[in-house]
Amino acid sequence: MISRSHLRLAVLSAVAAMALTTLSTAQGETAPACSAAPDPASAAGVHGWGVPAWCAEFDDEYLDPSEWVFYDSPGHAGNGRRSSGQLYLGGGALYLYGLADGTTAGLAARHVQPYGRWEVRVRLYPGAGSYHPVALLWPQDGGGNVRSATGEEIDFLEVIDDPERQRPNFFLHTPQGQEQAHANVDMTTWHTYAVENGPGGVVGYIDGREWFRSPNATHSPMSVCLQLDWFPGQGSSGEAWMEVDWLRIYPMDAGASAG
């Protein structure tokens, strides 16, 4: 496995080669065609979710601002700073890079739907325990705040004070309260993390295997967000990386039940 230091050099070299000091943009582009066959080890492959309604394969040299909200704001709970300058593209992947001073990254897809299925393929690297890599659903327009206006949030991957990246967490926040699950997974290798949210409840998956289930659900139009959140003083200090291979969003009939 590539070391963190070598990874950083590889990403920054790729960015320099593409003349990307921050994200390049292109106007008038549309979201990529979602024609990729599902990974047989993913929830979509295992459970037959069909063709995505929206996807991001991160194979281009830019992220289209008509498809994404790039965070440019104070960090989680006002700690540090979220900057689009900490987002990098290279080698068919998106990288979120957090500095030791709390300068980090976050973004949200503009595609929203109240019910459906969301899946992301992620690899993490040993790094600062004070950084929480997160993939989540948040009411429309991104997860920049601590609490949503509706009290709804689904963190279908969150890593908390875990510098070796071995313990993923799932959190469901609804007006009924908070529910959670934990697993033991070596997140320094590639895995897929997915959530299915429907009127009848929520199911979470790692590599197509269920690890969370609840009869409660969120009912607002939701955006999927990728964040590397900084919690200073809560875990070891230093840098962190989050690498995302792809993100895919699937429709779900409003009358369907989760799972």
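The values are calculated or read from the model by the stated rules, or taken from the named source; none is laboratory data. Being a predicted model, the structure only gives us computed values, none of them experimental. Here the Cβ positions follow ideal geometry from the backbone for every residue, glycine too, while neighbour counts run over all protein chains shown.
Going through (1) free of Cβ contacts under 8 Å to residues at least 60 places away in the same chain; (2) within 23 Å of residue 97 (Cα to Cα) one by one, residue 149 falls short only on (2). Checked against (1) over 21 Å from the mean Cα position of the chain (by Cα); (2) within 21 Å of residue 53 (Cβ to Cβ), residue 201 meets all criteria but (1). Looking at this structure, is residue 161 at pLDDT below 95, part of a loop (DSSP other than H, G, I, E, B) and either of a type in the set (Asp, Glu) or buried (at least 24 other Cβ atoms within 10 Å of the Cβ) (or both)? No.
Residue 100 meets the conditions (1) crowded, with 21+ Cβ neighbours inside 10 Å; (2) farther than 19 Å from residue 73 by Cβ; (3) touching a Gly at 6+ places or on another chain (Cβ under 7 Å) in every case but one. The failed one is (1). Scanning region 65-85 for residues that are in contact (Cβ under 8 Å) with a residue 60 or more places away in the chain and either of a type in the set (A, V, I, L, M) or touching a strand residue (DSSP E or B) at 6+ places or on another chain (Cβ under 7 Å) (or both) returns 69, 71, 73, 75, 76, 77, 79, 80, 82, 84. The single residue among 166, 178 that is modelled with pLDDT of 95 or more and touching a Ser or Thr at 6+ places or on another chain (Cβ under 9 Å) turns out to be 166.
Restricted to region 14-39, and to residues there that are within 20 Å of the chain's Cα centre (by Cα) and more than 19 Å from residue 89 (Cβ to Cβ), the residue that is modelled with the lowest pLDDT is 38. What about residue 109, is it in a strand (DSSP E or B), of a type in the set (Gly, Ala, Ser) and surrounded by fewer than 24 Cβ atoms within 10 Å (Cβ to Cβ)? Criteria met by residue 109. When region 90-116 is filtered for residues that are under 15 Å from the mean Cα position of the chain (by Cα) and under 24 Å from residue 188 (Cα atoms), the ones remaining, listed by number, are 93, 94, 95, 96, 97, 98, 104, 105, 106, 107, 108. Counting only residues that are assigned to a loop (DSSP other than H, G, I, E, B) and at pLDDT below 90, region 69-78 holds 1 of them. Residues in region 186-226 that are part of a loop (DSSP other than H, G, I, E, B), crowded, with 16+ Cβ neighbours inside 10 Å and among the hydrophobic types (A, V, I, L, M, F, W, C): 187, 217.
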